[in-house]
Structure formats: structure tokens, C-alpha cells
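Below is one structure, written out as C-alpha cells; the observations come after it.
No value in this document is a laboratory result; all are computed from the given coordinates. Here the structure is a predicted model, which is why all the values come from computation and not from measurement. Neighbour counts are summed over all protein chains in view; Cβ atoms, including those assigned to glycine, are modelled from backbone coordinates with ideal geometry.
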């Protein structure tokens, strides 16, 4: 299901994922257009328990008036993004939006890549129940070699726009049965690792089980869920770090903890350039509220046996010092400038900047069935919501959507 708009119209109608939007962001996108996807995907809490039914009524009204239309035949959607990465290099990625099988936890085929943090799951479940629609995609990484080549040729143009961060988003539709089958066969030939949207995928599993139990008419469509799948190769991925905010231990205490497994390297004034210095020096960085920082390099004798993940090694260090993520009050934030702003506002006592996860560790996670610590990876750019939706049922019938 897609918006019926000119090619450039998706700029006004789409939005970043619901879980990265602040209330102010939500309001700004809602004001951009009365049919912007946030009106459906981010119901207002002030509307109370009825907010999900309100979203469902709006969705149905948009379909009835023709603002949203369902493809006449099963399709896939190619989604390309062109952007500059953190190093200033121009990058292009491509993935396919379709319906991925919902499998039981531990069954294989679709794999998590990191432990999840406790999080209220009722919001997405209630929204799915009310709208009978997958409004936003899970992000998956395919282990199939050659998937990118299958997606290289353009499909039928649907929309193109450049967002507020300078990222170009290009959407194309694939309608040819032979190409659809080739893409489907490729994705199905190897496991898919969930990169982003673990909770959304878990909700899809809960919803699938509900429909099975009741014999609901949407049960066949609920066996799959809307997913963006790209090949797990370096050129298709831009991975940023999710840094650690420390709310219950001050910089003095964290200095003592880090000193048990790391060596002090240098004092710095933290800025966006600090990440490059961390990478070249092989360090993490403890940041104080005044913006000053200390670079720390791990001691191989203490941490060398652990996986090459700053998140895992920092977690081990806290535990070995008799603390824990909960004891230190660890919260998560991407972006150095955002971390500095939070510290200046007094919302955390200090922070630890970590380096992005190496691609080979993501591959190892998939191959060996391992899990990283929570919030180890931050894949960028974020997928826009609203480029394509997936109805689980039409007016009185199940939609056969791939």
C-alpha cells in the first residue's frame, strides 16, 4: 500500500522511525501535511486508550478517499539511499522491502544480533491490532551473497526526495514476476539477521500467535511482517556507535572502574573529531559534564579474551568492578553532540564514548549464533516510515502481499 502522490510528495508524507522521534519532532512532521505518516504511526498519548482506534479510522479514511492505494498485484519495493557517512565519503545503499516470515525465537532463519533492553511492547501491538497494517519495517541483513546485484537495476519509479539531513531516498517498485521470484529465492536461501526493529519483530510474533489462536481472517498475512532487507556487506552498511550515558556514577567513580581494565592514554576536549582519534588510538573516551574527556585503551591481559566490541568489554569491566549496567544507571545515546548536550543539561553524570562495531563482528554474530550487548549498533541512515505500508487485510479480504 502506497501514497498516491507525485514523485517528490513522499518528502511531506514520510518521517523517520517512531522510536527516534521526540514529541517536538512528531509535531513538526504532523504539521507538514495532514496525511503525514506520523498521524498513523505515532498516535498522541493525549488521546488516551482510543488513540489506536483513531489511527485506524484515519487510515481507513485515507484509503477510502484514495490517498493510500494498494498495488493491483504482489510487488517488492526497492529502497535506495545516497548519503555522506561520518568520514565525509559519499555512499549508496540498496535494499528490498517485502514481507519476511515470522519465526519462533530460536527457530533459525531470522536471527537477532543483540540482546534487547526491557521495553513496553503494548504500543506497537495495539497499533497493529487496530490498523491491521504493518506501518513501519523491521531492518534485516541478508547473508546471501549477490543480493545487492539482484537489486542493482532500477524498478518502476515511485518517489525520490532529499531529507533534512541531506540523505537522498529513492523508491522503486518491482512488478515482474520473474524478478520478484529471484529476489524472494535469494533472501530465502540464507538467514536474515535483524539489524534494527527487534521489538517490532517480537510484536509480529505475538500478533501472529493471536491470529492463529482465534482463526482470524488476517492469520495468513500475519505469518509475515514488513521488512527491509539488505545484503550484509560493507558497502551496504553505515554503522555508528551508541554511546553510554552514566546517570548513577560520577566521572571519579567511572575513572576508578575503567582503571581496573584500561590504561589512561590522553586528556582531550571532546568534539566530533574525538571519534576519529578514538579509532586511530584504539580507545574509548570517558566524558565529563564540562566536555573534557579521557581516552582509555584496554589492557590485553584483562580484556583480550573478549570479543572485539567496546560494548562487551565495557560491560565486563563494570561487572568485574562489582557494578552493573543497572548499578551505573546506563542509558544509551548516539551522536557526540547529543551526548555533550545531555551532560551540559545535567541529565547524566558522565558518559563513555565507544567505537562502532566492526562488520566482521556482525558477521561472526550471525555465523555463530551469538548476541551482542544491548544497543551495540546504530545503523544509518534511518529508514523512512511511510514509503510503503503493508495491509494485513483489505475491506473484507486478506491482502496477498509479498
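So here's what we get for this one:
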quantity: Sum of -39500 (n - 2.57) over DSSP H runs of 4+, divided by residues of the chain (222 nm, nearest 500); calculated: -9000 deg cm²/dmol
quantity: Potential extension, residue 256-residue 297 segment - 0.36 nm per residue separation minus Cα distance; calculated: 13.3 nm
quantity: Once the Cα gyration tensor of region 9-105 is diagonalised, semi-axes √(5λ) in Å; calculated: 26, 21, 16
quantity: Extended-chain gain in nm, criterion 0.36 nm per residue less alpha-carbon gap, residue 101 and residue 269; calculated: 55.7 nm
quantity: Residue 156 versus residue 179: modelled label distance in nm, points set 7 Å from Cα along the beta carbon direction; calculated: 1.1 nm
quantity: Acute angle (nearest 10 degrees) that the helix 177-189 long axis makes with the longest principal axis of the chain, alpha-carbon atoms; calculated: 30 degrees
quantity: Relative exposure of 18, 79, judged by other C-beta atoms within 10 Å (fewest first); calculated: 18, 79
quantity: Which of 353, 370 has the fewest Cβ neighbours within 10 Å, and the rest in rising order; calculated: 370, 353
quantity: √(5λ) per eigenvalue of the Cα gyration tensor, region 134-272, largest first, Å; calculated: 39, 24, 16
quantity: Sorted by Cβ density within 10 Å, fewest first, the residues 388, 20, 336; calculated: 20, 336, 388
quantity: Efficiency of FRET from Cβ geometry, residue 165 and residue 281, R₀ 41 Å, rounded to 0.05; calculated: 0.90
quantity: Rounded to 10°, Cα long-axis angle of helix 23-32 versus longest principal axis of the chain; calculated: 40 degrees
quantity: Between helix 310-320 and the chain: long-axis angle, C-alpha atoms, 0 to 90°, nearest 10; calculated: 50 degrees
quantity: Gyration tensor (Cα) of the chain, equivalent ellipsoid semi-axes in angstrom; calculated: 38, 23, 21
quantity: Separation of the residue 370 and residue 347 label points, Cα + 7 Å toward Cβ, nm; calculated: 3.2 nm
quantity: Kirkwood hydrodynamic radius (C-alpha pairs) into Stokes-Einstein, region 242-355, 25 °C and 0.890 mPa s, D in µm²/s; calculated: 179 µm²/s
